[in-house]
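All of the numbers you see were taken from the coordinates with simple rules; none came from a lab. Quick caveat, the model's predicted, so the values are computed rather than measured. Positions of Cβ are backbone-derived with ideal geometry, glycine not excepted, and every protein chain shown enters the neighbour counts.
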Amino acid sequence: MSVQMNALSKAPRLLLEAHLQPIQGSRFQPTGFPNLGAATYDGPNGERMLLVESAQSMANRLEAVCWDTPGDDWVEPLRGLPLVKVVRISKDENGADKEQAVTNSVLEAHRVNSPYILEGNDKIVFNLLKSQLAATEEGAVDIKKLASVLLGLDTNSLIHGVFLAKSDLAGGRLRLPRALSAFVEAEDVREVQSGGVKNDHVKPSGDTSKGFGNVPFARSEFTSRRIVAYFNLDLSQIRAFGLGDTVTELLVSLALFKIQAVLRSGLRFRTACDLEVIPSGIDIKRPPDFKLPTLDDLEGSLPDLIAKVAKEQKWPQKPVTRVLHS
């Protein structure tokens, strides 16, 4: 089943909720923040709430399920999408050039705005952006033009969002908000306090400041009546790119692939936070008549869709922009 684009044609957002549970037992470990710990707060009805996974962390997880680390490429159904790779060239034992992967625009913390992409000696991406977006140096930023350039350079930027915070690029005004955002909340939570001891069987009374000795520690986990992963796909923003029906379908399909891939295999947030979707636990909130394609459906349809967009946009056979890292 391909994506039902007709059901999405008038909807401003696609809102999806996935109900989760610990894969074993009832306890789970939430995300924590320096000098804050677990992010607990009061809900609108006075219930005790907990942020299990932040929007920033979920954005990273939605990218991680798209990448084949051993193959240094997109996972198989997404191969052929444009991206930027940062590589180092060295010599092998025979003196021939050997390429070594450094990073890429899918996994970099700031994606295509990464200093490894824009701040090094190799200015290929910087110069491309500056030349193709020169008309945006003054006046309002042309979002359609920005989206068109990024489509062929780093397609994922149109889903993840981008902020090209460089004064030499339209005064640092080139930005697109995230089209796909997500977070995980738990409701009606209860703390589970426990702890342990790091044992030093050689010198129990050793200097703990140097890592020796027995060190007791506290541990906070939680139980919850309800854990929900929330996903929000901004369909209005994607349509506003003005890139045509085929590209719009590709971007929506890519976003749905990310969601389904995370829900299938990307919910092990931490050692003590391994979650799963409960049976029949995915609800489409808006639009209510939309039928969510399965991950298998998306894996089957995306390769042909990518090939169709590649032909339409005249992408090269291997749409990878390489930046040399020295």
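Converting phi to 3J(HN,Hα) with the Karplus coefficients 6.51, -1.76 and 1.60 and the offset θ = phi - 60°, segment 93-104 yields 5, 9, x, 7, 5, 10, 8, 10, 5, 9, 6, 7 Hz in sequence order, with x at every glycine or proline. Taking each residue as 0.36 nm, the span from residue 190 to residue 318 lengthens on full extension beyond its C-alpha to C-alpha distance by 41.0 nm.
Listed by Cβ neighbour count within 10 Å, with the fewest neighbours leading, 28, 126 appear as 126, 28. For segment 223-233, backbone phi angles converted through the Karplus equation (6.51, -1.76, 1.60; θ = phi - 60°) give residue-by-residue couplings of 10, 8, 6, 7, 10, 9, 9, 9, 10, 9, 10 Hz, Gly and Pro being listed as x. Once the Cα atoms are used to define both axes, helix 245-265 deviates from the longest principal axis of the chain by about 20 degrees.
Put simply, the amide H of residue 39, placed in the peptide plane, has neighbours under 5 Å in 51, leaving out anything fewer than 5 places away on its chain.
In the chain, the longest principal axis of the Cα atoms and the axis of helix 55-64 are about 70 degrees apart. Karplus-derived 3J(HN,Hα) values for segment 149-154, using 6.51 cos²θ - 1.76 cosθ + 1.60 with θ = phi - 60°, are 5, 5, 4, x, 9, 7 Hz; glycine and proline are entered as x. Listed from fewest to most Cβ neighbours within 10 Å, the set 308, 210, 291 follows the order 210, 291, 308.
Each of 163, 231 was scored by other Cβ atoms within 10 Å of its Cβ. Listed from fewest to most, they are 163, 231. Within the chain, antiparallel bridges make up roughly 90 percent of the DSSP beta bridges whose residues both belong there. Look at the alpha carbon pairs under 8 Å that are at least 6 residues apart: their mean separation over the length of the chain gives a relative contact order of 33 percent.
Taking every C-alpha pair closer than 8 Å and separated by at least 6 residues, the mean separation divided by the residue count of segment 188-326 gives a relative contact order of 17 percent. Taking amide H as placed 1.01 Å from N in the peptide plane, the amide H of residue 67 sits under 5 Å from that of 75, each at least 5 places away or on another chain.
Using the Cβ-Cβ distance between residue 296 and residue 76 with R0 set to 22 Å, the FRET efficiency works out to roughly 0.95. Counting charges near residue 261 (Lys, Arg +1; Asp, Glu -1) among other residues having Cβ under 10 Å from its Cβ returns a value of +2.
Please list, ordered by chain and number, the residues whose modelled amide H lies under 5 Å from the amide H of residue 285; skip anything fewer than 5 residues away on the same chain. When sequence neighbours closer than 5 places are left aside, the close amide H contacts are 15, 16, 17.
Gain on full extension, evaluated as 0.36 nm per residue between residue 167 and residue 212 minus their Cα-Cα distance, stands at 11.3 nm. By the gyration tensor of its Cα atoms, with a ≥ b ≥ c the square roots of the eigenvalues, what is the shape of segment 87-242: rounded for a/c under 1.5, prolate for a/b over b/c, or oblate? Oblate shape, in that a/c is at least 1.5 and b/c is the bigger or equal ratio.
Three semi-axes describe the equivalent ellipsoid of the chain; taken as square roots of 5 times the Cα gyration tensor eigenvalues and ordered largest first, they are 37, 29, 20 Å. Evaluate E = 1/(1 + (r/R0)^6) for residue 69 and residue 205, where r is the Cβ-Cβ distance and R0 equals 30 Å; express this FRET efficiency to the nearest 0.05. Working from the Cβ atoms, E equals 0.10. Averaging Cα coordinates gives a centre for segment 260-314 and one for segment 146-192; these two points are 19 Å apart.
Which entries in the list 85/123; 10/145; 145/314; 123/166; 130/311 go over 19 Å, if you measure between the two C-alpha atoms of each? In this structure, 10/145; 130/311 lie more than 19 Å apart at Cα.
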